[in-house]
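Accompanying notes for the structure given below.
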Amino acid sequence: MRYTELFCPTLREIPSEAEIVSHQLLLRAGYIRKSGSGIYSYLPMGYKVLKKIMAIVREEMDAAGGQELMMPIIQPRELWEKSGRWAVYGDEMFRLKDRHLRDFALGPTHEELITSIVDADTHSYRDLPLLLYQIQNKYRDEIRPRFGVMRGREFIMKDLYSFDLDVEGMNESYRKMYQAYSNIYNRLGLEYRVVEADNGAIGGSESHEFIVLAGSGESVIVYCSECDYAADVEKAEAIPEEAINTGEAALPMEKSATPGQRTIADLVEFYGLPEKRLIKTLIYEADGELVAVVIRGDRELNEIKLKNYLQVNELAMAGEERVRNTCGGGFGSLGPVGLQVKTFADREVENMINTSCGANEDDFHYINVNPGRDFGAAAFADLRNTVAGDACPACGKVLKETRGIEAGQIFQLGTKYSEALQATYADRDGNPQLMVMGCYGIGVSRTMAAAIEQNHDDNGIIWPLSIAPYQAIIIPVNVNKADQMEAAEKIYSELLAAGVEVILDDRDERVGVKFKDADLIGIPLRVTVGPKSLAEGKVEFKERQGKESELVLAGDICKRILDLVK
RNA sequence: CGGGAUGUAGCGCAGUUUGGUAGCGCGCUUGGUUCGGGACCAAGAGGCCGCAGGUUCAAAUCCUGUCAUCCCGACCA
């Protein structure tokens with residue numbers, strides 16, 4: 001492609017509506033344009049990247065035994081009534097009526113439709129298993145679309161559904177997909193982690209998320225430095241640290257005056273004890289009832305874990321007045337000793353010896369408090385956030401922490417949908433059996449944005465070779481010099497003939513402009529044809545991902561590029 | 001939906017407080033000089049100031065309504 005013919009409108013300045021890097025760069029580099037909140041057009045360059053991602057996804061889905069199909073965006077209401085989700089999906093579903101006032105939805109997902117399709121034409125155990133997928137636009141009227149293409153209301157998703165005879169079959173399909181997803185993210189050239197995920201309401205079976213690592217990601221995950229364990233911090237089991245003062249004899253508890261000492265930091269100063277030797281007590285209102293939560297002084301409570309543990313709907317910090325009335329002391333002087341509120345403690349607290357806590361009386365604390373002896377708890381449970389440095393729940397080695405973007409998720413569905421839609425097959429004995437399902441999604445447009453979040457610098461995008469819209473760009477320094485253009489054209493046609501996707505920047509612009517654009521749009525390989533090196537029969541070769549440029553004989557450059565591309 | 005903010009040329013912004021009929025930078029067009037990391041000079045084109053009402057001799061500016069967009073929260077590929 002000649003740059004003069006390319007539709008790639010780059011911007012010098014950052015559009016003010018874009019907040020995160022990938023959104024800014026997609027707009028600046030001429031890959032996308034917005035048509036409404038959370039709704040985007042993909043310009044030729046952007047679409048090229050999407051097609052590359054889709055091609056990789058297709059190859060891996062096909063290799064795993066998947067068959068591609070295409071289902072409609074518009075789905076009738078009755079289908080959703082059957083699964084009960086017409087009511088449940090709520091405002092997030094785009095709904096519309098036809099001229100006869102019949103209700104339809106723009107598909108936010110396709111479990112209902114695919115299940116009805118498979119059920120209609122699958123009658124025997126001989127027809128299963130089936131792995132069917134599509135790559136299609138999905139519609140979700142998000143409460144708040146944001147970050148450009150990262151969370152759109154219309155987005156591109158690959159969704160595959162597996163239909164098996166039984167749970168063993170489903171497990172096998174799941175295993176295949178897990179492997180296929182790993183292959184995909186490897187081939188995309190992205191750094192990622194597979195984390196154990198919550199499968200929410202579905203319950204019982206497995207789910208994993210594929211997280212593309214990026215500092216700007218919305219998910220915080222911990223992963224093991226030694227083994228494969230990785231999980232969202234909010235879901236990861238927090239392994240209690242061994243008591244730091246093991247072996248110390250339990251001393252008699254004493255009450256001491258601590259005038260004006262309210263925070264953990266105050267007490268660290270006051271007692272000369274480290275944060276981890278103290279405990280803090282938080283009072284929550286759980287469905288209206290007060291509960292106390294006790295955790296180590298340096299830890300953070302994980303409200304999701306607490307909520308799940310207590311099995312309540314509403315959970316919020318209690319107001320100070322109510323706390324003072326019930327407990328006796330205000331914030332900063334609370335403790336579990338003698339507390340008349342149901343108390344839950346993080347299990348790490350159980351190991352602590354001679355700790356300190358509030359006395360439920362302003363300006364007083366207890367020291368040498370020992371759990372079990374001095375206070376009890378309704379339960380010692382995993383209630384805190386896992387942090388870097390904690391032990392890995394799988395192997396015991398040290399956990400590290402990072403942020404990332406959820407680009408894919410795989411679920412075991414079991415019979416949730418086959419039961420709702422009565423999708424059955426006849427087994428060997430002729431008896432009807434429910435199909436056992438799984439579903440597997442990849443956010444294609446989101447993966448594009450995630451790739452940028454992970455791979456960019458101050459000058460622009462740095463595409464991995466596998467998904468770059470063009471693999472190489474040739475920049476003649478001055479298009480008005482015949483020798484430079486001739487050399488550039490020669491390399492260009494040679495690369496084209498070899499099947500390399502290449503741009504020839506034939507614009508009559510200064511080199512600076514061309515370099516800036518090449519960097520901005522993120523082409524991985526760059527060849528500069530300039531007067532200095534050309535005099536020696538050489539051209540300059542530079543990879544986008546940093547490093548110096550090097551001189552290469554003009555006759556050798558194509559081979560050099562081919563070696564990298566193939 | 002709650003909280004915060006913004007709509008003025010393709011992009012980034014000023015002008016709004018104190019009404020007087022729209023401006024700057026970049027980009028775009030033409031000509032010239034330049035030419036190794038977003039050149040310079042000159043001449044141009046381009047805006048119903050988000051939209052609809054109202055106040056006024058006069059509205060980008062004041063008032064009312066409305067629409068849209070962005071950011072912070074619950075949701076998710």
Checklist entry - What number of residues in the range A:226-256 are in contact with a Phe, Trp or Tyr (Cβ under 6 Å, 6 or more places away or on another chain) and under 22 Å from A:Phe364 (Cβ atoms)? => result 2
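Here's the yes/no breakdown for (1) at pLDDT 95 or above; (2) within 20 Å of A:Ser493 (Cα to Cα); (3) among the hydrophobic types (A, V, I, L, M, F, W, C); (4) within 7 Å of RNA strand B (Cβ to nearest atom):
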site: A:Val511; (1), (2), (3), (4): yes, no, yes, yes
site: A:Ile521; (1), (2), (3), (4): yes, no, yes, no
site: A:Pro524; (1), (2), (3), (4): yes, yes, no, no
site: A:Thr528; (1), (2), (3), (4): yes, yes, no, yes
site: A:Ala535; (1), (2), (3), (4): no, no, yes, no
site: A:Lys542; (1), (2), (3), (4): yes, yes, no, yes
site: A:Gln545; (1), (2), (3), (4): no, no, no, no
site: A:Leu553; (1), (2), (3), (4): yes, yes, yes, no
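Table: residues versus (1) among the aromatic types (Phe, Trp, Tyr); (2) under 28 Å from A:Ile295 (Cβ atoms).
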| site | (1), (2) |
| --- | --- |
| A:Gly152 | no, no |
| A:Phe155 | yes, no |
| A:Ser173 | no, no |
| A:Ile184 | no, no |
| A:Gly189 | no, no |
| A:Phe210 | yes, no |
| A:Val222 | no, yes |
Next on the checklist: Residue under question is A:Ile135, and the condition is that it be closer than 29 Å to A:Gln24 by Cα and modelled with pLDDT of 95 or more; does it hold?
Outcome noted: yes
Item to check | strands (runs of 3 or more DSSP E) lying entirely in the range A:205-272 (those with 2 or more residues that are closer than 21 Å to A:Ile442 by Cα) | outcome: A:207-213, A:219-224, A:230-232
Checklist outcome for this item: Reported set for the range A:477-504 where residues are of a type outside the set (A, V, I, L, M, F, W, C), in contact (Cβ under 8 Å) with a residue 24 or more places away in the chain and within 17 Å of A:Ile561 (Cα to Cα) is A:Lys490, A:Glu494, A:Glu501
Item to check | Sole residue being more than 30 Å from A:Leu399 (Cα to Cα), surrounded by fewer than 17 Cβ atoms within 10 Å (Cβ to Cβ) and either without any contact (Cβ under 8 Å) to a residue 60 or more places away in the chain or not hydrophobic (A, V, I, L, M, F, W, C) (or both), chosen from A:Glu172, A:Glu142, A:Glu191 | outcome: A:Glu142
Next on the checklist: I'd like the full set of residues that are more than 9 Å from RNA strand B (Cβ to nearest atom), among the charged types (D, E, K, R) and either over 14 Å from A:Leu132 (Cβ atoms) or in a loop (DSSP other than H, G, I, E, B) (or both), limited to the range A:154-170.
Outcome noted: A:Asp166, A:Glu168
Next on the checklist: For the range A:527-566: of the residues being among the polar types (S, T, N, Q) and under 23 Å from A:Pro464 (Cα atoms), which is farthest from the chain's Cα centre (by Cα)?
Outcome noted: A:Thr528
Next on the checklist: Return the residues of the range A:55-85 that are exposed (fewer than 14 other Cβ atoms within 10 Å of the Cβ) and within 16 Å of RNA strand B (Cβ to nearest atom); say none if nothing qualifies.
Outcome noted: A:Gly84
Next on the checklist: When you scan the range A:444-463, do you find a residue that is in contact with a Ser or Thr (Cβ under 8 Å, 6 or more places away or on another chain), surrounded by fewer than 24 Cβ atoms within 10 Å (Cβ to Cβ), in contact (Cβ under 8 Å) with a residue 60 or more places away in the chain and in a strand (DSSP E or B), even just one?
Outcome noted: yes
Checklist outcome for this item: Taking the range A:490-504 and the residues there that are surrounded by 16 or more Cβ atoms within 10 Å (Cβ to Cβ) and within 17 Å of A:Thr4 (Cα to Cα), the one that is nearest to the chain's Cα centre (by Cα) would be A:Glu501
Checklist entry - So which residues in the range A:152-169 are in contact with a Cys (Cβ under 8 Å, 6 or more places away or on another chain) and buried (at least 24 other Cβ atoms within 10 Å of the Cβ), if there are any at all? => result A:Leu160, A:Tyr161, A:Ser162
Checklist entry - Name the strands (runs of 3 or more DSSP E) wholly within the range A:510-566 that hold at least 1 residues that are touching a strand residue (DSSP E or B) at 6+ places or on another chain (Cβ under 7 Å) and among the basic types (Lys, Arg)? => result A:525-529, A:538-543
Item to check | Matching residues, the range A:86-123, being more than 22 Å from A:Glu68 (Cα to Cα), within 16 Å of RNA strand B (Cβ to nearest atom) and aliphatic (A, V, I, L, M) | outcome: A:Ala87, A:Val88, A:Met93, A:Leu96, A:Ala105
Item to check | Qualifying positions in the range A:2-28 - over 21 Å from A:Glu142 (Cβ atoms) and in contact with a Pro (Cβ under 9 Å, 6 or more places away or on another chain) | outcome: A:Leu6, A:Phe7, A:Cys8, A:Arg28
Checklist entry - Which of (1) surrounded by 18 or more Cβ atoms within 10 Å (Cβ to Cβ); (2) in a helix (DSSP H, G or I); (3) of a type in the set (Lys, Arg); (4) free of Cβ contacts under 8 Å to residues at least 40 places away in the same chain does A:Lys52 not meet, given it meets every other one? => result (4)
Item to check | Wholly within the range A:83-141, strands (runs of 3 or more DSSP E) carrying at least 1 residues that are of a type in the set (Val, Ile, Thr) and touching a strand residue (DSSP E or B) at 6+ places or on another chain (Cβ under 9 Å) | outcome: A:130-139
Item to check | Members of the range A:1-45 that are of a type in the set (Gly, Ala, Ser), within 9 Å of RNA strand B (Cβ to nearest atom) and part of a strand (DSSP E or B) | outcome: A:Ser35, A:Gly36
Item to check | Single match in A:Gly430, A:Gly408, A:Gly396, A:Gly376 (criterion: small (Gly, Ala, Ser) and buried (at least 22 other Cβ atoms within 10 Å of the Cβ)) | outcome: A:Gly408
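The values are calculated or read from the model by the stated rules, or taken from the named source; none is laboratory data. Given the structure is predicted, the values throughout are model-derived calculations rather than measurements. Every residue, glycine among them, receives a Cβ derived from its backbone with ideal geometry; neighbour counts consider all protein chains shown.
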